[in-house]
Amino acid sequence: MNTESLSLSPVESRAERASALAALGDPTRLGIMELLASQDLSPDALAGALDVPGNLLAHHLKVLQTAGLIERMPSKNDRRRTYVRAVDGALDGLLPGPSVTTAPRVVFVCTHNSARSILAEALWRASSDVPSSSAGTHPAERIHPRALATARRLHLTVEQGAPQLIDDVLRPDDVVISVCDSVNEELGALDNQHLHWSIPDPAALDTDSAFAATAAELSNRIDRLSPCIRTRPRTRTHR
């Protein structure tokens, strides 16, 4: 469970765990939480993945939210859309982690490839032996100075000198992780394995604390995911 439960009495802690376990006592709700173990998904994506109608999915989401297991966030790109996210630490010890996969490389993608994806790539490199890269759908002219400053404070290495276009970077067997709602909604269906993390753009606030908070959230997610992706040699037919 989350760290707050450490301060609860044994009775309160058991009640909290019992509430979570009761909420998980349904195959669809268990499936929802398994899908959210490594990514954020829209209700439509969840309904499609689990093959359940929208009204039934809404009921299951309400149960999970009442139990404190999920939260909903409006898209930073289209406020009419929402994403569902597992509450950090809510299922510690209750569910298996994400399944293990192999990939020759992980590519982080956001709109401008100037902040979130740059930091994610550098953090991944510090956490995993699987190679990483980053790109944008509409690359900026330069990497955001605060992203570079944040990387320096964290002793991270930013290898690329300028933002890159996704079409110039992505290879067919890369694992793609979008860290921007706009990109996730723009990319649509990909042949690549694709995960999505709904991360606010720190450039919108343009403060050191906003960039630090983004780096901390990315680091937390990467620490959870990186053990589940193992390196695989690139096939020779790919560029």
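The values are calculated or read from the model by the stated rules, or taken from the named source; none is laboratory data. Note that the structure is predicted; figures quoted are calculated from it, not measured. So basically every Cβ, Gly included, is an ideal-geometry build from the backbone, and we count neighbours across all protein chains shown.
Of all the listed residues (THR102, THR157), the sole one being hydroxyl-bearing (Ser, Thr, Tyr), within 22 Å of THR231 (Cβ to Cβ) and out of contact with any helix residue (DSSP H, G or I) (no Cβ under 7 Å at 6 or more places or on another chain) is THR102. One residue alone among ASP44, ASP78, ASP40 is outside the structural domain of GLY188 (by TED's automatic domain parsing), under 21 Å from ILE199 (Cβ atoms), buried (at least 20 other Cβ atoms within 10 Å of the Cβ) and among the acidic types (Asp, Glu), and that residue is ASP40.
Given the structure, is ASP223 assigned to a helix (DSSP H, G or I), under 30 Å from SER99 (Cβ atoms), over 19 Å from the mean Cα position of the chain (by Cα) and not assigned by TED's automatic domain parsing to the domain that holds ASP40?
no
Here ILE199 clears all of (1) loosely packed, with under 14 Cβ neighbours inside 10 Å; (2) under 18 Å from the mean Cα position of the chain (by Cα) except the condition numbered (1).
I want to confirm something. Restricting to region 25-37 and keeping residues that are surrounded by fewer than 20 Cβ atoms within 10 Å (Cβ to Cβ) and in a loop (DSSP other than H, G, I, E, B), which single residue is modelled with the lowest pLDDT? Ranking the qualifying residues of region 25-37, first place goes to ALA37. Exactly one residue out of LEU91, LEU69 is closer than 25 Å to ALA23 by Cβ and in the same structural domain as GLU34 (by TED's automatic domain parsing), and it is LEU69.
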